[in-house]
Structures are given as structure tokens and as C-alpha cells.
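The values are calculated or read from the model by the stated rules, or taken from the named source; none is laboratory data. What you see is a predicted model, and the numbers here were worked out from it, not measured in a lab. In this analysis, Cβ positions are derived from the backbone assuming ideal geometry, glycine residues included, and neighbour counts consider all displayed protein chains. Surface areas here come from the heavy atoms of the whole protein model, side chains and all, with no ligands, DNA or RNA. Shrake-Rupley method; radii C 1.70, N 1.55, O 1.52, S 1.80 Å.
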Amino acid sequence: MILYHGSNVIVKQPKIIVQDKGRDFGPAFYVTPIKEQAERMAKRKQKQKIITGEKNAKAVVSVFDWDEDVSRFKYKEYKDADLNWLNMVIKCRSEVSFKHDYDIVKGKIADDNVGETILFVVRGVMRKEDAIKRLRFQKINSQIAFCTDESLKTLKFVKSYEVK
């Protein structure tokens with residue numbers, strides 16, 4: 001399966017990214033099977049770099065071939081934005097030090113619109129059940145998080161290209 005990673009740099013050797021703010025499935029290397037989604041992320045990263053003063057920042061998509069055989073890994077797939085998915089995203093986003101047991105997690109991405117709904121739940125403005133109902137009406141893209149160094153070995157760099 002071909003997967004895409006949007007960034008401001010070429011990523012030939014993926015690594016686990018640990019940040020000071022929570023991510024949907026915790027510290028991981030994130031990719032998507034949706035080319036356009038990766039391109040949007042690359043443009044977003046480019047804009048962030050330009051804002052911080054890097055005038056020659058680029059938008060780059062790195063392309064990987066993934067050996068989908070997950071039989072030797074602890075693998076979790078969330079097919080829908082359901083209560084189990086929401087609980088995982090809330091836990092990972094609100095507790096930066098939280099570490100689940102999975103090597104690879106596949107599921108919906110909590111982008112800006114979805115992220116707003118999750119923030120309402122975290123702040124106690126909205127019940128989880130109401131958030132799930134609200135999310136049913138939103139188009140939610142997919143992502144795959146490679147959460148361990150061993151799982152990263154299943155990704156093979158194919159090429160990269162600059163998004164104009």
C-alpha cells in the first residue's frame with residue numbers, strides 16, 4: 001500500500017515524533033493513504049515555517065510503500081469515529097505522557113473541525129455521545145500512526161516531491 005507523509009522536509013528514514021502537545025494516537029510517525037491530505041499537511045507545515053521566519057520553507061510529501069502484514073504487531077484499527085476512537089484520541093491528546101500498547105494504529109484523523117469537537121469534550125462543554133453524533137456529519141480523513149521503531153521498518157521510502 002502506498003502511504004504519504006506531508007512535511008517541510010524530505011523524510012527518507014521515518015522516526016517516532018514526540019511533541020510537547022498530544023497527538024491523535026500519541027507519539028508516532030504519521031502517514032495517510034490519501035495523497036491530497038498529505039499535500040495539505042505539507043502546505044500547512046510550510047506556512048508554519050514561513051511564519052517563524054524560514055523564508056525558503058518548502059512543502060514536501062514523502063511517499064512510502066507499506067508492507068501491510070501486521071500479524072507480528074500489536075495493531076489497532078478504528079474503522080469509524082466511534083466512542084472507542086474518541087476515548088483514545090482524548091487520552092492521547094490530553095495526556096502527553098500517555099503511551100498505549102499498540103505498534104500501529106489506523107483510524108480517523110482529528111483535523112481542525114474534528115479537533116474542535118474533541119476540545120469541547122475535553123473541556124466538558126459536550127458529552128462524548130453528542131460528539132459522536134456530531135462527527136457523523138463530518139468528512140473525516142484517515143491516518144496511520146507507526147508507534148514503535150520496529151513498526152517503522154515496514155515502511156520503505158519510494159520518493160518525495162515538492163508541492164507547489
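Among the residues of the range 56-97, which ones are exposed (fewer than 14 other Cβ atoms within 10 Å of the Cβ) and assigned to a loop (DSSP other than H, G, I, E, B)?
Asn56, Asp67, Glu68, Asp69, Ser71, Arg72, Lys79, Asp80, Glu95, Ser97
Restricting to the range 1-18, and then to whatever is part of a loop (DSSP other than H, G, I, E, B) and under 13 Å from the mean Cα position of the chain (by Cα), can you tell me which residue is surrounded by the most Cβ atoms within 10 Å (Cβ to Cβ)? Steps first, answer last, please.
Narrowing the range 1-18 to residues part of a loop (DSSP other than H, G, I, E, B): 1, 8-16, 18.
Within this subset, residues satisfying the condition of being under 13 Å from the mean Cα position of the chain (by Cα) are 16, 18.
Numbers: Ile16: 15, Val18: 10.
Out of the qualifying residues, it is Ile16.
Quick check, is Leu135 surrounded by 17 or more Cβ atoms within 10 Å (Cβ to Cβ) and without any contact (Cβ under 8 Å) to a residue 60 or more places away in the chain? Show your work before the answer.
Numbers: surrounded by 17 or more Cβ atoms within 10 Å (Cβ to Cβ): yes; without any contact (Cβ under 8 Å) to a residue 60 or more places away in the chain: yes.
The answer is yes for Leu135.
Taking only the range 104-132 into account, find how many residues are farther than 11 Å from Ala81 by Cβ, part of a loop (DSSP other than H, G, I, E, B) and either among the basic types (Lys, Arg) or in contact (Cβ under 8 Å) with a residue 60 or more places away in the chain (or both).
Residues of the range 104-132 farther than 11 Å from Ala81 by Cβ: 104-106, 111-113, 115-116, 119-130.
Narrowing further to those that are part of a loop (DSSP other than H, G, I, E, B): 111, 123-127.
Filter once more, so that each one left must be either among the basic types (Lys, Arg) or in contact (Cβ under 8 Å) with a residue 60 or more places away in the chain (or both): 123, 127.
Within the range 104-132, residues that are farther than 11 Å from Ala81 by Cβ, part of a loop (DSSP other than H, G, I, E, B) and either among the basic types (Lys, Arg) or in contact (Cβ under 8 Å) with a residue 60 or more places away in the chain (or both) number 2.
Spot the failing condition for Glu39; the list is (1) over 22 Å from Gly115 (Cα atoms); (2) in contact (Cβ under 8 Å) with a residue 12 or more places away in the chain; (3) of a type outside the set (Gly, Ala, Ser), and only one is missed.
Status for Glu39: all satisfied but (1).
What residue, among those in the range 19-64 that are charged (D, E, K, R) and within 11 Å of the chain's Cα centre (by Cα), is modelled with the lowest pLDDT?
Narrowing the range 19-64 to residues charged (D, E, K, R): 20-21, 23-24, 35-36, 39-40, 43-45, 47, 49, 54-55, 58.
Those left that are additionally within 11 Å of the chain's Cα centre (by Cα): 23-24.
Working: Arg23: 86, Asp24: 89.
Here the residue is Arg23.
Can you list residue pairs whose Cβ atoms sit under 6 Å apart, with the first residue in the range 65-80 being touching a residue at least 24 places away in the same chain (Cβ under 8 Å) and the second being open to solvent by less than 100 Å² (accessible area, probe 1.4 Å) and of a type in the set (Gly, Ala, Ser)? Count only pairs 6 or more apart in sequence or on different chains.
Phe73/Ser151; Tyr78/Gly107
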